Structures are given as C-alpha cells and as structure tokens.
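Since the structure comes first, as structure tokens, the remarks are kept for the end.
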Amino acid sequence: MKALALIDHGRIEIVDKPIPKIVHGQVLIKVKAAGLNKRDQFIREGKYPGIVLGTTLGSDASGQVESVADKADEHWLGKEVIVNPNIGWGTNTAVQSSKYAILGMPTDGTLAEHLVVDSDRLSEKPKHLTFEEAAALPLGGLTAFRACFYHGKINADLNVLISGFGGGVAQFAFQFAQASKAKVYVTSSSDDKIQKAIDAGAAGAFNYKDPEWHKNAWKTKGGFNVVIDSSGGDQINTFIKLMRPAGRIIFFGATNGLPSSLDLYRMFWNQIELQGSTMGNDQEFQAMVRFVDEHKIHPIVDSIRPFEEFISAFDDLAENKKTGKLVLKM
C-alpha cells in the first residue's frame, strides 16, 4: 500500500508498505480521506518529541471497515467510520496518562491507503458528512470540544472570543460555540478571514494587528466570559483585561511563546481562570461526534487534494494562509 512516511527531518515521501495485519481487537480500514494538522508539519520539521523515522504520518482519517479480527466486531464490517486518534489516554478523564500518544507518531498514522486500529477507536461517520469533511474532524474537533465544554463551559448566555480564526481548532471552537447559541467573536490578522467569520455569523471580529483592538472590544462588547486561545505570549494579558469577572481563558497551544509578564493582580481580583487544555479523552470524542451529528455541523475545509499532492498541502499548512482544513483524498 502507499503511505506517506517521514524519511528524514524535513523530508517526507510516499513509500510502499505492506498492508498491516490485524490481531485480536483490531480492524482494518480502507482510508478514503485523511486530514492534515499543524502537528504533521511540526513532525516534518523535526519539532516534535519522540520522532521515529519511517513512521506513517497523519492523525485524522475517515474510511470504510474492510475486515475485523473478532466476531464481536463483525457489526463494523462495511461501516463508514471516523477514527479517534487517542492512544492510551487512561482512566482519568481530567488528564491524559504518562503513556498517552496520538496516532501518527510514533505509531503509524492515517496518511496511507489502509489503517489498522483497535475497534474501540471507531465512530460511525455522521451521514451528513462526506468522507473528506469527516476526515477533517477528529484531532481539531476533539481539541476544540474539550476547550469549549469541559474547560470553557460554554452555553447560550456567554460572550465567547475565539483567537486566531484561521486555525483549524479555532474554527471548530467557533462552530461549536455558535451551535451552543453563545455570542461568538473572533480575532485574526487577516481581513479576509475576519470577513469570512462575519459571513459565517460571528457577532464581531477584530484584527489583532491593530494595537488598539482590545480597547474597542472592551468598550463596545462588554467583555468576555470565555476566551479560547492557541498562541499564548503577551496577548494573554490583553485577554485578562477583556474578561468579565470569573471569566475563563482556555489555551491549547503556545506558538507565541511565554508571556513576558502576567497580570496576576487583575486575575485574582476578578477571579479569572487561566486553564491549559489538550486534545480530549475517549468519552469526549464520542460526545463530539454526537454533537456534530446533532447540530449537522460541516467542518470548514480549505481544499481537498489528491494524495500525490502532499508536498503542496504541507507547504500551505506551514504558511498559515489557509482558512479551514487541508484534506488529502486517498
């Protein structure tokens, strides 16, 4: 089978690998589509822990079950599915175990014609989604779902700010918060992405390149109950200024690095919570798929490309110019 593997740091290639054999508890999936994540590009660049050369990349996939190892799993045969990329979260729903990993490094991932996973990694693909849309969902959708609901506790009564609207997780957070009837605002450095957010129903949008953007947000919108952020850095202090009392700032990344200072005075006086978040546990994955199905949410897909065009897809992923997920069609 064809698989996209990491050959060396900075070098990925389509290689031939044998179709993996299934053992007890496993199923074989014919992959129909696979989504890309920033994680895949970080691995390509050698900026990810525990890299093993030769590993098939990819965490997101949709496909059809071709064979199963156990009679108890025969009901999966022929089913259209999406794959939970969690490996070894553990029994504590609040935090992942020390053995936790994500499909695609160091375990072979989804960017291949066939994929073997444990049967408990499967969810039926929501019928309103194409294979390509479903392939965009798992990692980004689960990360956003945990940030929005486990930590953010988003509901219809809240003002919510999603930073960096161009990112895949941010866009899922936007869609999930909207489906919960919250008033959802976004930030971006791109006027084009800001307009797309407004067209998609954002209550307001701000270009964070404007050094005064936060003053306008505070004066006209009354502040935010929840901020969902992926970047960290000194903008954390800007968010602190914008929070309503007892507000929650949830962050799932730190691409801007550490803040040079932290406004602890304002935080403790206004009872503000600063909470880190990761992907999510297995129960949340199932809940996320049900939520997407119930609200008929369609992931925002930037483009769908043939598997052979992986280089251009990865290069676009690195440049942050996309709006929505990049998906490779197998």
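Summary table
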item: Loop trypsin sites (Lys or Arg not before Pro), segment 112-164 (other Cβ atoms within 10 Å of the site Cβ: 15 or fewer; DSSP); result: 127, 153
item: Listed residues 244, 305 arranged by accessible area, highest first, probe 1.4 Å; result: 244, 305
item: Spatially proximal lysines relative to residue 215 (Cα-Cα < 17 Å; intrachain offsets below 8 disregarded); result: 241
item: Potential lengthening between residue 23 and residue 11 on full extension [0.36 nm per residue; Cα-Cα distance subtracted]; result: 1.2 nm
item: Residue-span extension gain [residue 198 to residue 321] - 0.36 nm each, minus C-alpha spacing; result: 42.5 nm
item: Rounded accessible area per residue of the chain, 1.4 Å, Å²; result: 44
item: Extension gain, residue 237 back to residue 120 (0.36 nm per residue minus Cα-Cα distance, nm); result: 38.0 nm
item: Rounded FRET efficiency, nearest 0.05, which uses the C-beta distance separating residue 71 from residue 189 and R0 of 45 Å; result: 0.25
item: Solvent-accessible area, 1.4 Å probe, carbon plus sulfur percent, for the chain; result: 52
item: Candidates 108, 60, 293: whichever shows maximal mean-square fluctuation once the chain is modelled as a Gaussian network with Cα springs under 10 Å; result: 293
item: Separation in nanometres of the label points that stand 7 Å from Cα toward Cβ, at residue 218 and residue 329; result: 4.9
item: Helix axis angle, 168-179 relative to the chain longest principal axis, alpha carbon, degrees; result: 70
item: Rounded Å value of the spacing that divides the Cα centres of segment 78-98 and segment 265-307; result: 15
item: Reachable lysines, given that their alpha-carbon falls under 19 Å from the alpha-carbon of residue 125 and they are not under 8 places away in the same chain; result: 30, 32, 79, 296, 325, 329
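The values are calculated or read from the model by the stated rules, or taken from the named source; none is laboratory data. None of the values given here were measured: they were computed from a predicted structure. A quick note on method: Cβ atoms are made from the backbone with ideal geometry, for glycine too, and the neighbour counts reach across all protein chains shown. With ligands, DNA and RNA removed, areas are computed over all heavy atoms of the protein, side chains included. Shrake-Rupley method; radii C 1.70, N 1.55, O 1.52, S 1.80 Å.
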